[in-house]
Amino acid sequence: MSEVILGRGSRKGRAMQKYLCYGALGVGALMALVFLLDLLAGFPFGGGEFVTGDIFGLLASLIVIYLAFDASRDLK
């Protein structure tokens, strides 16, 4: 009986891991879009003197995207 419950929990956990990977991928893509938009158009954060922050934010977002994509490939 306990083996059946553990079997269901493992499928549920695996699906949750996929959703977390896709969620991290979505958040990373959204933040990359925001930082890129600020870098090019100066819209959300005012651009100008915050170019260094935009570049580091964009790099951090791309790293999160890469890590989420790599983790989602490991789950397949």
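Points worth noting:
- Nearest-ten-degree value, helix 51-75 long axis tilted from longest Cα axis of the chain: 20 degrees
- Förster radius 25 Å - calculated FRET efficiency between residue 63 and residue 22 (Cβ-Cβ, nearest 0.05): 0.90
- Estimated at 0.36 nm per residue, the fully extended path between residue 52 and residue 30 surpasses their Cα-Cα distance by 6.0 nm.
- Its Cα centre serving as origin, the chain has a Cβ charge dipole (Lys and Arg +1, Asp and Glu -1) of approximately 680 debye.
- Chain lengthening between residue 74 and residue 15 when straightened (0.36 nm per residue, less Cα-Cα): 19.9 nm
- In the chain, the calculated helix contribution to ellipticity at 222 nm averages -31000 deg cm²/dmol per residue, counting -39,500 (n - 2.57) for every DSSP H run with n ≥ 4.
- Rg ratio (alpha-carbon, reference 2.2 N^0.38 Å) - segment 2-75: 1.56
- Against the chain, whose longest principal axis comes from its Cα atoms, helix 2-41 is set at around 10 degrees.
Bear in mind that the values in this text are calculations on the coordinates, not laboratory data. This structure is a prediction, so every number in the text was calculated from the model and none was measured. No Cβ is skipped: glycine too gets one built from the backbone with ideal geometry, and neighbour counts run over all protein chains shown.
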